[in-house]
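Some notes on the structure that comes next.
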Amino acid sequence: MNHLLVSLADVRDFFDKRDFRVCAFDTETTALNYHELRMMGCSFHNGESTCYINLRGNKERDSIVAYLKHLFAYTIKSLVMHNAPFDLKVLHKEGITDVTPSIFCTMTAHHLIDENSSHGLKGLALRYLKVDSIRTFAEASKYGFDSPEFIEYACNDAIWTWQLHKIFNKKMFELEVNRLFFEVEMPFQFTIMDLEINGVQVNLDKLEELRIAASAKRFELKRKLYDIAGLGYTLQADMFTGEVEMVSKHKLGNQQRAKIIKSRGLDSPYKTDGGEISVGKETLIHLKGDEFVDTLFLYNIVDKLLSSFVEKIPNMIDSDGRVRASYNNTGTVTGRLSSSDPNMQQNPKVNPVLPFDFKGIFEAPEGKSIVSADYAGQELRLLAIVSGDETLIDAFKQNLDPHLMTGNAVFGLGLTKDQMKRTSPEYHDLKEKYDHERHIGKNGYNFPIIYGTTSYGISKNTGVSEDEAQAGIDKFFNTYPGVRVAINKCTNFLKKCWHVRSLTRRRRRLDPNEKKSFRQAFNFLIQGLASDMIRRACNLVREELSRYPEWEAKIIMIVHDEIVYEIKNEYVEIASEKIKGIMEHAMDLPLDMEVEIGIGKTYSEAK
DNA sequence: GGCTGCGAGACTCG
DNA sequence: TCACGAGTCTCGCAGCC
C-alpha cells in the first residue's frame, strides 16, 4: 500500500511504526538550475512499506524537512537511490548534509553490469522487473499531486529502485565487480555531488571582453571570405548594441565552401561520404597557401569558439556567477566520466595562431586560487603497468623521456639511456635537436599504439609510407616486447571470453567478430583503469580535505586525468603538496604516477 | 511559408 | 577497413501544419 503523507504528524507516525534503517529513496523536483532547485516531494520504500511525502504548497514544509534531516542523520543507515548524486544534491540543497556514506546507486550498479545499454530507471524496470505499463510525469501529474495516480507514480520509483538493487547486488558479486562498486564507485558519488554543487566561478567582465574581441575578428574574417569569393553583402548596425553585422543572401555552409574551393581550381583527397570535397581541417591544411582556404581556417577556429563556448556560456551561469555542469558517471562504455551543459571537458585551449584565452574566464573567488593537478603522461605510464614491459617501466623509473626513447628506437638515433634522462645535462639540447623525431615518437607511435592503430593510420598521420610505418611499428614492439605480448593476450582473452577486464575488475563486453573490438579492448585496459584511478584519487583527497575545513578547498572540475580545486590562498602550497602525494599513490601499482601541480588566479594560469 | 526533428559533418577536449 | 573515448554546434533535408 502506498501512503500519502502531508502533515508532520503523518510523517512521524509512519516512520515511528516502521523500520527504515535500510531503504530506497527518490526525490521529485522541478528541473531547474541549482539555485532554484527544490524538493517538491519524495518517496521511501523499505521492502514492505512505501510512502510519498508531498511538499508542494505544504504549510508544514519546513518542519517536515527538519524531521527528514533527523531521519537521515540518525535512523537511515543504508540508502538506495537511482542516480545517487542527483538525490544527494537535492538533499544538500535542503540542508540535509548528514547522510550515511553507505549508499547504493542502482544506475552505476547497472553500468558495471551492462555498460553497453541505457541506465534509465523506467527502462530498467521494464527490462528487469517486467513492469508492463509506465506513466510519465506529465501523464501522472494531470490527475493532481495528491491523486492516487500521481502517488502511485512517485512511489513506483522508490519501489523499483529497491527491487533493482536486490537484483543488481547479487549480479555484481557474480561478476566480481562488487569491490569496485562499494569501495570506489559509491564513495565517488559524493565527489560528483560536490562538483555539481560547487561549479566554477566565471569572470563576466573577461567573458565580455573576450566576446567583443573574438566577434571583431570573426567579422573581419567573414568579410574577407565573402570578398575573396566575390559574394555580395551589405553591412547593418544592430539598433541596440550598435554592433555591425553582415547581411547576405549567400550562406557559407559546407556545400558552398566545397563549391568555392572547387571554383578556385583546388581539389582535396579528403572527401565526405557523399563524395564531395570535405571542407574539414584536413583539407584546409592540405590546401594551405590559398587565400580563401587560409582565411577559412582561421574563421572556423574563431566561429567555433564563439558559437559553441563564448556565446553559449552566459545562459548557463547561475545568479551567483558560477557555472554548474552536469557530470555523468554512466555516460561512457570505458568508465570515463562525461560532462554536459556545459561540457567542462572540452573547454578550448589557447590556439597558437590566435590570442583568445577561454580558460581565462574561469577564476577563483577573492582570496582563493585555482589549483590544477594533472597526471603527467598517465596513459603511457598505465601502458607500462598494464603490459608489464620492463623497458618501459624502467624508463619511467629512471625518469627517461618516453617519447624521445621511442623516437630513438624508430629512427635509430643511437642515444644512450643516460642521455635521455630528463635530469641529464645534455637532455635539453637533445630534446631540441631531435624535436621532430620525438614528436613522431609521441604522436606517431606512443599514443597511436595505445589506440591500436595500424601502419595505414601511422602513414596517414605522419606522412611516411606504409612500409616505413610498418618498420617503425616493428621497431616499437622490438623495443617494448612486453607491449606486444600484452596486446596478444588481450586479443586471445576477448576471443575466448567476449569481454575484457581492467586491473580494477571493470568489464567491457565486445564482439570478437568485429575487427574494431580488439583495438577497443586493449585501449579499454588503459582508459578504464585511468578512470578508476581518478575516482580513487578524488575519494582519498576528499577525505583528506575534510580534515582541514579552514583551507576552504573545493573540487570544481574533473577533466579525465586532471582534478581542479579552488583553495584559500594561504593554504595553497600545503594543500597542493598533499593533493599531489595522494594522487600519485592513489592505487597500489608497480610504478608510481607523476602529478603536475599548477596554481593561478584563473584556470588558464593554473594550466 | 515556417516550424521541428534528425543525420551528417565539423569542431572541441583528454 | 584503416586511431580510443566523449558533447555540441550548424547545415540541409524531410515531414508537418
> What is the helix-to-structure angle for A:148-175, meaning the angle in degrees between its Cα long axis and the longest Cα principal axis of chain A, kept from 0 to 90 and rounded to the nearest 10?
Replying inline: 60
> Given the rule -39500 (n - 2.57) for each run of at least 4 DSSP H residues, summed and divided by the residues of chain A, what is its mean residue ellipticity at 222 nm, to the nearest 500 deg cm²/dmol?
Replying inline: -14000 deg cm²/dmol
>> Can you bin every Cα-Cα distance in chain A into 20 Å intervals starting at zero and give me the percent of pairs per bin, rounded to whole numbers?
In response: 16, 43, 34, 7, 0
> Please state the equivalent ellipsoid semi-axes for region A:266-358: what are the square roots of 5 times the Cα gyration tensor eigenvalues, largest first, in whole Å?
Replying inline: 32, 19, 11
> Going down the list A:262/A:288; A:222/A:312; A:17/A:77; A:304/A:580; A:442/A:601; A:217/A:312, which pairs span over 24 Å between their C-alpha atoms?
Replying inline: A:304/A:580; A:442/A:601
> Using the scaling law 2.2 N^0.38 Å as the reference, what is the normalised Cα Rg of region A:2-197?
Replying inline: 0.99
> In square nanometres, what is one fourth of the surface area of the convex hull spanned by the alpha carbons of region A:310-425?
Replying inline: 12.3
> Which three lengths, in whole Å and largest first, does region A:254-294 cover when its Cα atoms are put on their principal axes?
Replying inline: 26, 18, 14
> So, by mean Cβ neighbours within 10 angstrom, what's the order for A:77-85, A:413-421 with the highest one leading?
Replying inline: A:77-85, A:413-421
> Where a Cα-Cα gap under 21 Å defines reach, which lysines qualify for residue A:515, not counting those fewer than 8 residues away within the same chain?
Replying inline: A:460, A:489, A:495, A:496
>> Pairwise over distinct Cα atoms, reciprocal of the mean inverse distance: report the Kirkwood radius of region A:442-556 in Å, one decimal place.
In response: 16.5
>> So for each of A:44-55, A:546-557 I average, over its residues, the number of other beta carbons within 10 Å; can you give me the resulting order with the highest mean first?
In response: A:44-55, A:546-557
> GluC sites (Glu not before Pro) within region A:457-543: which are DSSP loop residues with at most 10 other Cβ atoms inside 10 Å?
Replying inline: A:514
> By a straight-distance test (C-alpha under 22 Å), which lysines pair with residue A:59 as possible cross-link partners, with residues fewer than eight away in the same chain excluded?
Replying inline: A:69, A:93
>> Using only the alpha-carbon atoms, how far is helix A:84-93 inclined from the longest principal axis of chain A? Give it as 0 to 90 degrees, nearest 10.
In response: 70
> Highest mean first, what order results for A:57-68, A:227-238 on Cβ atoms within 10 Å?
Replying inline: A:57-68, A:227-238
>> How much of the pair distance distribution for region A:390-479 lies past 21 Å, counting alpha-carbon pairs only, in percent?
In response: 26
> What does the charge count near residue A:204 come to, summing +1 for each Lys or Arg and -1 for each Asp or Glu among other residues with Cβ under 13 Å from its Cβ?
Replying inline: -3
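Each value in this text was obtained by applying a stated rule to the coordinates, not by laboratory testing. Just so it is clear, the structure is predicted and the values come from calculations on it, not from any experiment. Don't worry about glycine lacking a Cβ; one is built from the backbone with ideal geometry, like all the others, and counts go over all protein chains shown.
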